[in-house]
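Working notes, beginning with the structure itself.
The values are calculated or read from the model by the stated rules, or taken from the named source; none is laboratory data. Not measured: the values here are computed from a predicted model. Neighbour counts are summed over all protein chains in view; Cβ atoms, including those assigned to glycine, are modelled from backbone coordinates with ideal geometry.
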Protein chains: 2
Amino acid sequence: MADNSTVLTQIDTKKRILDAAERLFARNGFQGTSMRAITGEAKANLAAVNYHFGTKEALLEAVFERRLVPLNKTRTDRLEAVRDSARSEARRPSARDVLRAFIEPTIAFAVSKEGAGDFPTLIGRAIIDPDDAVRKIFLRHVGPVFHLLIDALREALPELSAHALFWRVHFTIGAMGHTCHIRTMAETMQTTGKPHGLPDGVAAACDAEAMTEMLMNFVSAGMEA
Amino acid sequence: MADNSTVLTQIDTKKRILDAAERLFARNGFQGTSMRAITGEAKANLAAVNYHFGTKEALLEAVFERRLVPLNKTRTDRLEAVRDSARSEARRPSARDVLRAFIEPTIAFAVSKEGAGDFPTLIGRAIIDPDDAVRKIFLRHVGPVFHLLIDALREALPELSAHALFWRVHFTIGAMGHTCHIRTMAETMQTTGKPHGLPDGVAAACDAEAMTEMLMNFVSAGMEA
DNA sequence: GTCTATAGATTGATAGAC
DNA sequence: GTCTATCAATCTATAGAC
């Protein structure tokens, strides 16, 4: 039986690799991140990735799974709570409540106690990453929640055609994904120059709560247009 | 002096490489596209890329420049027409007109006579691509137009804070970029399965004109919320 | 479990014949 | 201008000592 220090080192290595991979995948993309960059940042040996995770793609899967399982549980619970609440009061759910149930936990992840600061950015990237591996893994995890979101919005806006609903959901996803992405860009942009049109300091502009409210107002109005 | 056949072959090779690069960069990303994949699809020799363009990054620059120069001219003209028209009538431009002046030419590029079907997708990708080379080149070309868009929207919505305007423009860009991206995904998804919630045939859902109207309604409502 | 060393494949780019 | 051949670097992944 291994002593404590060995076990702790093992766990730490795995976690350090996951953290570094999350950060680098979010910032540079899947194809843009080499295993050497990951192990370099994680202060781990190159072979440790393959030992602990098997392949680079399996590492990506592990990065997604660590965050997405609890996040999807939260989003699913909140979406079903909105539906149940409306049903028990014999009314339709409001589109705004449905959108909030989906968006708020997603962005709030940025300031969670877990310190998962880079994961929302990774979600933003995954939504639009053209790499098949990224999209396949992401869709497998997020597909059911996405389906639930569409169903709830269909209840909220029954007069909206399926065609229009489909696109409006994707506009929402696009705006949300881009928001997560901009947030990371803004951090690195302090050295290279301000984003076009950014008025105040970066910190103020990227405050998660204020950003969520802005996004909520925007997509709620668009959804109910 | 070279005879006609030689000149034509040269031009054709350059054009075939540009077309193939545009298509593959849009579909697989900059880092996800090898020079061998490009020359393979263009039926050109591997060394032809370096001969005609110098480097892979210079090729990307050429791909952007070919489309972005005329597209930006159109967008700039239309944005200034909206401002001038409002100014001559001593009224504020409407946010909807400003947004249409920016969005319509962007998406309409998909069905242009040039057959630039993949370039809107490339724009969608460039907006969110994490690769520094991609972002640098793209921002250099699109920065001035982007600045003009923000200025025009500031005139249209003077009561909106600079902070809110900044984010709403980025929500709009995100929705538009994602829309261009989904459009390509939907094409390739006919084999792998429908996107979640897609109601009708792919062709109907991706009709450029209808898509533009959907997007216009969505972002106009969000912008004026 | 962690390390060194390296296999095996692929990449961007170039030299030189034609 | 186009081709073959190849360099040098990089990549993922693995074998084997410790």
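Conditions: (1) crowded, with 17+ Cβ neighbours inside 10 Å; (2) under 22 Å from B:D131 (Cα atoms); (3) modelled with pLDDT of 95 or more; (4) more than 9 Å from DNA strand D (Cβ to nearest atom). A:N28 meets all but one. Number of the miss?
The single condition A:N28 does not satisfy is (3).
Confirm whether A:G174 is surrounded by fewer than 18 Cβ atoms within 10 Å (Cβ to Cβ) and among the small types (G, A, S). Outline the logic, then answer.
Values: surrounded by fewer than 18 Cβ atoms within 10 Å (Cβ to Cβ): no; among the small types (G, A, S): yes.
Criteria not met by A:G174.
If I filter the stretch A:32-42 for residues that are within 14 Å of chain B (Cβ to nearest Cβ), at pLDDT below 95 and near DNA strand D (Cβ under 10 Å from one of its atoms), do I get at least one hit?
Yes; the residues of the stretch A:32-42 include at least one that is within 14 Å of chain B (Cβ to nearest Cβ), at pLDDT below 95 and near DNA strand D (Cβ under 10 Å from one of its atoms).
Output the residues belonging to the stretch A:38-65 that are closer than 18 Å to A:F119 by Cα and either more than 14 Å from DNA strand C (Cβ to nearest atom) or among the hydrophobic types (A, V, I, L, M, F, W, C) (or both).
Scanning the stretch A:38-65 gives A:I38, A:A42, A:E57, A:A58, A:L59, A:L60, A:E61, A:A62, A:V63, A:F64, A:E65.
Filter the stretch A:147-164 down to residues that are facing chain B (nearest Cβ under 7 Å) and either of a type outside the set (A, V, I, L, M, F, W, C) or touching a residue at least 12 places away in the same chain (Cβ under 8 Å) (or both) and give me whichever is nearest to B:H181 (Cα to Cα).
Within the stretch A:147-164, the first condition is being facing chain B (nearest Cβ under 7 Å), and the residues that meet it are A:147, A:150, A:162-164.
Then keep just the ones that are either of a type outside the set (A, V, I, L, M, F, W, C) or touching a residue at least 12 places away in the same chain (Cβ under 8 Å) (or both); that gives A:147, A:150, A:163.
On the way: A:H147: 20, A:I150: 20, A:H163: 17 Å.
Ranking the candidates gives A:H163 first.
Of the residues B:A47, B:A21, B:A37, B:A90, only one is over 24 Å from B:M211 (Cβ atoms) and not in a helix (DSSP H, G or I); which? Lay out the reasoning, then the answer.
Working: B:A47 fails: not in a helix (DSSP H, G or I); B:A21 fails: not in a helix (DSSP H, G or I); B:A37 fails: not in a helix (DSSP H, G or I).
Being over 24 Å from B:M211 (Cβ atoms) and not in a helix (DSSP H, G or I) holds for just one of B:A47, B:A21, B:A37, B:A90, which is B:A90.
From the list B:T55, B:T76, which one is more than 15 Å from DNA strand D (Cβ to nearest atom) and at pLDDT 95 or above? Full working, then the answer.
On the way: B:T55 fails: more than 15 Å from DNA strand D (Cβ to nearest atom).
So the residue among B:T55, B:T76 that is more than 15 Å from DNA strand D (Cβ to nearest atom) and at pLDDT 95 or above is B:T76.
Which one of these does A:F109 not meet: (1) within 14 Å of chain B (Cβ to nearest Cβ); (2) more than 16 Å from DNA strand C (Cβ to nearest atom)?
All conditions are met except number (1).
Quick check: anything in the stretch B:203-221 under 23 Å from the mean Cα position of the chain (by Cα), at pLDDT below 75 and more than 9 Å from chain A (Cβ to nearest Cβ)? Give the derivation first.
First pass over the stretch B:203-221, keeping only residues under 23 Å from the mean Cα position of the chain (by Cα): B:203-221.
Subsequent filtering for residues that are at pLDDT below 75 retains B:203-206.
Narrowing further to those that are more than 9 Å from chain A (Cβ to nearest Cβ): B:203, B:206.
Yes, the stretch B:203-221 contains a residue that is under 23 Å from the mean Cα position of the chain (by Cα), at pLDDT below 75 and more than 9 Å from chain A (Cβ to nearest Cβ).
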